[in-house]
Amino acid sequence: MAVDPLRFYTSPRILALVEVQGDRLTDSHLDLPQGTLDLLILKALSLQPMHGWSISERIHQVSRETLRVPQGSLYPALHRLERRGWIKAEWGASDNNRRAKYYQLTAAGRKQLAAESEDWARLTAAVALVLRMG
Amino acid sequence: MLTELWSDLRYRVRALVRRRDVERELDEELRFHVMCEAEKYERAGLPRDEALRRARLAFGGVDRAKEQSRDARGTRLVETTLHDLRYALRTLRRAPAFTTIAVLTLALGIGATTAIFSVVDRVLLRPLPYTDAQRLTVLAADFPRQGLEHGPFSGPEYEDIRAQVRDLLDVAAFAPVSANVTGTDRPERIQAMVVSTNFFSVLGVAPALGRTFRAEDDGGGIGIVAVISHDLWQRMFAGDPNVVGRTLRMDDDAFTIIGVMPSGFHHPVEQGEARTELWVPTNYRIAQLPFQQRSARFLGLVGRLAPGATLALVHSELGTIAERLAGQYPDAYASADEWRISVTPLFDAVVGHVRSALVMLLGAVALVLLIGCVNIANLLLARGAVREREIALRTALGAGRARIVRQLLTESVVLAAIGGTLGLLLAAWGADALTSLGGPSLPRVGEASIDARVFLFAALISVLTGIAFGIVPALQVSRANVQDALKDGARGATAGSGRARTRSALVVAEVALALVLLISAGLLLRSFARLAGVDPGFEPRDLLTMQISLPVPNQPERGRYFTPEARRRFTQRVIEAIEPVSGVKSVGIASPLPLRAGATINFAIDGRAPMASGLLPSADFRIVSPGYFHLMGTPLLAGRELANTDDANSPLAAVINRTMAHRFWPGESPIGKRIRGGAEGNPWLTIVGVAGDVHQTNLDVPPRPEIDVSYLQHPVGFITVLVRTAIAPERLANAARQAVRTVDKDQPVYDVVPMTQVMAGTVGPRRFSMILLAAFGALALLLAVVGISGVVANVVAQRQHEIGIRMALGAAKRDVLALIVGRQMAIVAIGIAVGLGAAAAVTRVLSGLLYEVGAVDPITFIFVPALLLAVALVASYLPARRAMRVDPAIAMRNG
């Protein structure tokens, strides 16, 4: 089947691909594996309520500047978690006295964090075992 | 899990309802993020501008983040749909002619369907107002050898069945009676039921006020109690909350009201048209209703299935019981009788007779809606040619086919929704019209109205309709070839033969469907015309009828009209009181009124042995006043009328009808012969005259033998007063009522109607179906005309270029016209052929409603297609000719 050239480039999937490649070229940080961003956000929020930017900074710092949260994915992730009821948002004043949206963990979120942490530990242990294989 | 779902839903609803707020918050949140990032760079020593630039770069596409955040909200589907809706409304507004035609078509189709559904819903779909109504059954006695089916039971039979049956939890009995209620401003005749005391508990319905019957309410003596209906309570007692304990005078006896039934309750099996409004235990009317006589059958039975029992089990058990009783009482069940007890679900007994007519009408109206759908699909296809370029453009811009189909379908559903809304208004009006048109021939319809169920139905059918007429055009149009359509010189004419074929197929379908409806309507119309042409045997115009029933108290001998003399005098005085009223030509009585009710007797002929079977012949029996035949306009064929001289002191006289004379005295004169009603020992009647035949019960039932006698010799308590008028009979109704009140002010006069209305009542169910089918047929014809002419106009428009060339090359206008119209008529002819086949299969359903017209009546099957063909010819010729007026030169240039 012939591909319409115009359609090929306007397909959202292709656009995403182009941009991801761009990221790789300009950035030497590790990208997060699929699905781990939610876990990291929940973990970061388990310590105290935070706004979006400080969540990404916190993850960056705590991971000794190895993990970098792709900022374009942070907010969709936050909204998704909020929809599921694992975190809830509230507007408050930031350190520099501006209005900021603070996220905090809900009871359901805390349960989810525990479950996901355990899964993660089991997964990494299993992967490590396989990698150490002969 | 549940809380997660709940939070999810709350979040999505907020995202939808407060979309603007949510968007603003997202903006603010992202801006705040970029500020924080910039400040970080600034702290590291970058100048402010550079810091901001770096922060933005680090964030990546803000719009993409927004877009993905929106996705994460999970409201995308709704939002695109809203977008599609707005787009659809814009598109429809831009094509007002198309939109108007489509919306009107849909409004009519959906409106008619919804109106019929509202009636079907009330009559057929709602459960009966009893506990576990589907476990209730009706029992009936069949005596197949005597041709008696679904008959009532006698008191002893009821007691035996109730005592012996195991598969029925309990059985209740009821017998219809009617009585005069007096002691209020205006005496009334009401319909009542004598019931066994377990009646309400078998139905499982509790009263709204007070109590229902207990076993002791029936315990001999005459301390009579009554349960009344909600309506009666409102009408006679103005809804008095303390009505329990008050009394009611019924046929001169006092009744204590012990309970009021809830408003939705009605008696399960009504007798005639009147609704039962009062229930009394069986000690009432004990004198007239001989409960102890095994062969006096007047009780209807309703039973409730025992747990685990089925209809089949009950059926076989009742068979055993019938056999046992026949063996036990050989006198009551002559071996020749072979009586059986049948059992049917109560629901079938209540609505069985109208189910097929209603289902037929629902089918017919669905056909109309379907034709409407076909029409609109056709119009959409025609528009598709115009919209090809728009759609090709959207395809080129990246819209997938599914996306385009969805957009087109949204348009269709929007159309259907607008049409449906209008249709709902039409249905609200139509449901009222249907109820009054159906009248008493529709059971339990109450006031059919638009409620939540009907609304839901209309909404559902609108969406389905939208998809039904939208899907084919949407699939066709979205297949448009991008390259061709976008090329500058492209024409709709290149749309290929595929679409033309689809459109032809739609016309075939439309014509076929319309033909089925028209033929059905034609058959009913012809039946109705035949029936209207039946001579009733009398002159129904300018004849007012009214009912009077004399009271029969529980102890009849204490009644005011107990003696024959009292009844005779009452009747005489009523006639004398009405005669002087101005506008009255003559006054008489009949009991019963022809076409309203029948009464039969068995009779013996003097000097002839009984028939071989030992059974007596039977005849209709009517008590009339002297001069009755003259008043009715029934011809006297031999002998004389009953006269005033045929009174209590002279020999008993009778007039018989033509059918009786021919059957029992063929080739000889019956005048002077003697007959005797019923059993041995009854007095002989001398035949003094022979009158013309009169239809006794219904116009579609041929007259039976009839014997007429005078009230002077047979005084009667149930009287129909007949008033031959010089003015419109309705105008005399009040004066005649007043005249009766001067004779007895406590005597209700009821059913005061012109004879023409009584006749109309007998054809009620047929009339209902006929009027509706005729209306649907007309609607279908109209839609077919719109569809056919629309297609032709479109064909001409699309082939203008080709037509121009042909005409420039010398083709005559009429040749081109013939070409186009001829092709269209060929398609119509195929539709008619298909429709004829379908009609022949479908009209069998109607046979129960037909009268002296076959289900495949040749006249209808020839005339209706011819009519449709002629209409189709006009519908394709006119638009074709109009389009042809265009100058060929212009047509070619524009093409």
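The values are calculated or read from the model by the stated rules, or taken from the named source; none is laboratory data. Note that the coordinates shown come from a computational prediction; the quantities given were computed from them, not determined experimentally. With ideal geometry, Cβ positions are generated from the backbone for all residues, glycine too; neighbour counts draw on all protein chains shown. With ligands, DNA and RNA removed, areas are computed over all heavy atoms of the protein, side chains included. Shrake-Rupley method; radii C 1.70, N 1.55, O 1.52, S 1.80 Å.
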Give the peptides B:756-766, B:14-24 in descending order of average Cβ contacts within 10 Å, highest first.
B:756-766, B:14-24
Distance from a point 7 Å along Cα→Cβ of B:Ala206 to each backbone N in the range B:250-286: keep the residues under 19 Å and list them by number.
B:258-266
Under 28 Å from B:Lys745, Cα to Cα: lysines that are on another chain or at least 8 residues apart
B:Lys585
Rounded FRET efficiency, nearest 0.05, which uses the C-beta distance separating B:Ile101 from B:Thr184 and R0 of 51 Å
0.35
FRET efficiency for B:Glu323 and B:Arg126, using Cβ-Cβ distance with R0 set to 25 Å, rounded to 0.05
0.05
Number of partner chain Cβ atoms within 10 Å, mean per residue of A:82-88
5
Label-to-label distance, nm, for residues given as B:Ala306 and B:Ile471 (7 Å Cα→Cβ offset):
5.1
Contour minus Cα-Cα distance for B:Asn682 and B:Glu67 (0.36 nm per residue):
211.3 nm
Nearest 100 Å² is fine: how much accessible area is buried between B and A, summed over both sides, with a 1.4 Å probe?
2800
Taking protein heavy atoms only, a 1.4 Å probe, and rounding to whole percent, the accessible area of the range B:298-339 owed to carbon and sulfur comes out at 59
In nanometres, what is the gap between the two model label sites at B:Arg275 and B:Ile862, each 7 Å from Cα along Cα-to-Cβ?
5.0
Taking a ≥ b ≥ c as the square roots of the Cα gyration tensor eigenvalues, with a/c under 1.5 meaning rounded and otherwise prolate when a/b beats b/c, else oblate, which class fits the protein assembly as shown?
prolate
J(HN,Hα) series, the range B:713-727, from Karplus relation 6.51 cos²θ - 1.76 cosθ + 1.60, nearest Hz, glycine and proline x:
9, 9, x, 10, x, 10, 10, 10, 7, 10, 10, 7, 10, 9, 10
With a 1.4 Å probe and every protein chain left in place, work out the accessible area per residue of the protein assembly as shown in Å², rounded to a whole number.
48
Once amide H atoms are built 1.01 Å from N in the peptide plane, which residues 5 or more positions from B:Val138, or in another chain, come under 5 Å H to H?
B:Gly303, B:Thr344, B:Leu346
Residue-span extension gain [B:Arg814 to B:Ala433] - 0.36 nm each, minus C-alpha spacing:
132.4 nm
Using a 1.4 angstrom probe on the protein heavy atoms only, line up B:Ile803, B:Ile862 by accessible area, largest first.
B:Ile862, B:Ile803
Pop out the carbon and sulfur fraction of the accessible area of the range B:350-423 as a percent, whole number, probe 1.4 Å.
74
Please compute, over every Cα-Cα pair in the range B:764-895, the percentage with a separation greater than 22 angstrom.
49
The set of residues whose placed amide H lies less than 5 Å from the amide H of A:Met50, leaving out same-chain residues fewer than 5 positions away, is A:Tyr103
For A:Lys43, which lysines qualify as cross-link partners when the Cα separation must be under 16 Å and same-chain residues fewer than eight apart are set aside?
A:Lys88, A:Lys111
Contour excess over end-to-end distance, with Cα ends at B:Ala760 and B:Leu460 and 0.36 nm allotted per residue
104.3 nm
Please report, ordered by residue number, every helix of chain B (full DSSP H runs) that is 18 Å or longer along its axis going by C-alpha atoms and whose mean Kyte-Doolittle hydropathy reaches -1.0.
B:2-17, B:76-94, B:96-120, B:311-328, B:346-396, B:401-438, B:452-477, B:496-532, B:564-578, B:764-798, B:813-842, B:858-884
From the helices alone, meaning DSSP H stretches of at least four residues, give me the mean residue ellipticity at 222 nm for the protein assembly as shown, per-run term -39500 (n - 2.57), in deg cm²/dmol to the nearest 500.
-18000 deg cm²/dmol
Given H placed 1.01 Å from N in the peptide plane, which residues other than close sequence neighbours of B:Ser586 have an amide H under 5 Å from its amide H?
B:Arg724
Once the Cα gyration tensor of the range B:265-371 is diagonalised, semi-axes √(5λ) in Å
35, 22, 14
For peptides B:231-242, B:30-41, B:705-716, sequence by mean Cβ density within 10 Å, most packed first
B:705-716, B:30-41, B:231-242
Nearest-0.05 FRET efficiency for B:Gln164 and B:Ala599 at R0 = 51 Å, using Cβ-Cβ distance, is 0.95
Accessible-area order (highest first, 1.4 angstrom probe) of the listed residues B:Leu782, B:Leu437, B:Leu248:
B:Leu782, B:Leu437, B:Leu248
Output the antiparallel fraction of DSSP beta bridges having both residues in chain B, as a percent to the nearest 5.
80
From highest to lowest solvent-accessible area (probe 1.4 Å; ligands, DNA and RNA excluded), B:Arg86, B:Arg145 read B:Arg145, B:Arg86
Using the basic label-point model (7 angstrom from Cα toward the beta carbon), what is the B:Tyr87 to B:Arg355 distance in nanometres?
4.9
